[in-house]
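Step one of this worksheet: look at the structure below.
The values are calculated or read from the model by the stated rules, or taken from the named source; none is laboratory data. Note that this is a predicted model, so its numbers are computed, not measured. In this analysis, Cβ positions are derived from the backbone assuming ideal geometry, glycine residues included, and neighbour counts consider all displayed protein chains. What goes into the accessible areas is simple: the full protein's heavy atoms, side chains included, and nothing from ligands, DNA or RNA. Shrake-Rupley method; radii C 1.70, N 1.55, O 1.52, S 1.80 Å.
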Amino acid sequence: VFSKIFSHEALESYLPKIQLVIKDTLRAWSSNPEPINVYHEAQKLTFRMAIRVLLGFRIPDEELGRLFEVYQQFVENVFSLPMDLPFSGYRRGIRARETLQKGLEKAIQEKLQNTQGKDYADALDILIESGKEHGKEMTMQELKDGTLELIFAAYATTASASTSLIMQLLKHPRVLEKLREELRSKGILHNGCICEGSLRLDNINGLHYLDCVIKEVLRLFTPISGGYRTVLQTFELDGFQIPKGWSVMYSIRDTHDTAPVFKDVDVFDPDRFGQGRSEDKDGRFHYLPFGGGVRTCLGKHLAKLFLKALAIELASTSRFELATRTFPRITLVPVLHPVDGLKVKFFGLDSNQNEILTGTDAMLGATV
């Protein structure tokens, strides 16, 4: 059922809504006279995307803001020790989840009652219809659980990757300019504007350099450290016997750091994924930002589409610069993100828009 939510047809229908959410967000960032904390704002962006696009909820902005704060409290306490004591993180997380589910139940009920004006089938629609196709009407509790799972899956890791993308575009202005060149050559960017109707799913999938940039961000800054598997059959690895029934953790980051196919592993180099080098094609499990095998991440295509849409908007309609003297330190738990946030100043475009969008590498850089 979940695989239908991330099918090619579903992604095609989500794309215009994703673009709209990203455009509105970048407009808000640019209108803010102060630098923004990119990671925190990216969390708001991915939460809004999940609520507005994936679930199709029509929650007013003020109520959405309150729901986001509750969701933050829920996420911050997910990894708490399971000790149900007053003022414990576990108790705060449970209370936040209860509040969330009340808000989600209200949104689901309103959605079920108001089916007018729908121009696409969102993930929740697909979930409900798939249940009916299998002769099983989903209960409200199942709908709330499925909704919360979709928000959780679309939230932290995508916010992490979005922050890493912005940071790398700041660090490597030549990459940003090369992105713009590709957009111009494909007829997507013209005179500083995105050409109307040019951003279809097939067109975006045909942007090879953009694909390389997103792949390199996910190689060097994989949001999560790894995954878990249960051993189905006793096997031997490098002289060690791993018994059936054991739990095994595989590390995505260590794999990317030590895989022999990648040259200069610490260097941000999107061209490593280009046709001339194709470093990710030399082995099955050297590159696995979304895991591998039958348990690979179901939402990987949606995550990559979101990152590509964000990169296109950043390259086409935005001007931004680092607002601190140095780039922030990175912490890895629970997902990769800047320790003190990535402070960036976004600027609204003025009458010199063409000059801003087609300028040289010197236009984007750290404010020192």
With the condition kept exactly as written, say whether any residue in segment 214-223 is open to solvent by 60 Å² or more (accessible area, probe 1.4 Å), out of contact with any strand residue (DSSP E or B) (no Cβ under 8 Å at 6 or more places or on another chain) and either of a type in the set (A, V, I, L, M) or without any contact (Cβ under 8 Å) to a residue 60 or more places away in the chain (or both). no
Conditions (1) in a helix (DSSP H, G or I); (2) within 28 Å of Gly293 (Cβ to Cβ): number failed by Leu183: (2)
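Could you list, in sequence order, the residues of segment 47-78 that are outside any helix (DSSP H, G or I), open to solvent by 30 Å² or more (accessible area, probe 1.4 Å) and free of Cβ contacts under 8 Å to residues at least 60 places away in the same chain?
Initially, segment 47-78 is screened for residues outside any helix (DSSP H, G or I), giving 55-60, 77-78.
Imposing the further condition that a residue be open to solvent by 30 Å² or more (accessible area, probe 1.4 Å) reduces the set to 58, 60, 78.
Passing the criteria: Arg58, Pro60.
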Tell me which of these Val335 doesn't satisfy, since it passes every other one: (1) in contact with a helix residue (DSSP H, G or I) (Cβ under 7 Å, 6 or more places away or on another chain); (2) modelled with pLDDT of 95 or more. (2)
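Take the conditions among the hydrophobic types (A, V, I, L, M, F, W, C), open to solvent by 30 Å² or more (accessible area, probe 1.4 Å), in contact with a helix residue (DSSP H, G or I) (Cβ under 8 Å, 6 or more places away or on another chain) and at pLDDT 95 or above and apply them to Val21. Does it pass?
Values: among the hydrophobic types (A, V, I, L, M, F, W, C): yes; open to solvent by 30 Å² or more (accessible area, probe 1.4 Å): no; in contact with a helix residue (DSSP H, G or I) (Cβ under 8 Å, 6 or more places away or on another chain): yes; at pLDDT 95 or above: yes.
So Val21 fails the test.
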Matching residues in segment 80-123 (among the hydroxyl-bearing types (Ser, Thr, Tyr) and in a helix (DSSP H, G or I)) number 2
Filter result (of a type outside the set (A, V, I, L, M, F, W, C) and within 30 Å of Thr331 (Cβ to Cβ)) within segment 146-158: Thr147, Glu149, Tyr155, Thr157, Thr158
Return the residues of segment 98-137 that are in contact with a Leu (Cβ under 8 Å, 6 or more places away or on another chain), β-branched (Val, Ile, Thr) and within 19 Å of Leu64 (Cα to Cα); say none if nothing qualifies. Ile108
Kindly indicate which of Glu142, Glu137, Glu105 is in contact (Cβ under 8 Å) with a residue 24 or more places away in the chain and surrounded by fewer than 17 Cβ atoms within 10 Å (Cβ to Cβ). Glu105
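Yes/no per residue for (1) part of a loop (DSSP other than H, G, I, E, B); (2) at pLDDT below 95; (3) within 20 Å of the chain's Cα centre (by Cα):
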site: Gln241; (1), (2), (3): no, no, no
site: Val248; (1), (2), (3): no, yes, no
site: Arg253; (1), (2), (3): no, yes, yes
site: Lys263; (1), (2), (3): yes, yes, no
site: Asp266; (1), (2), (3): yes, no, no
site: Asp271; (1), (2), (3): no, no, no
site: Leu305; (1), (2), (3): no, no, yes
site: Lys308; (1), (2), (3): no, no, yes
site: Leu314; (1), (2), (3): no, no, yes
Can you say whether Leu150 is surrounded by 14 or more Cβ atoms within 10 Å (Cβ to Cβ), in a helix (DSSP H, G or I) and in contact (Cβ under 8 Å) with a residue 12 or more places away in the chain, as far as the supplied structure shows? yes
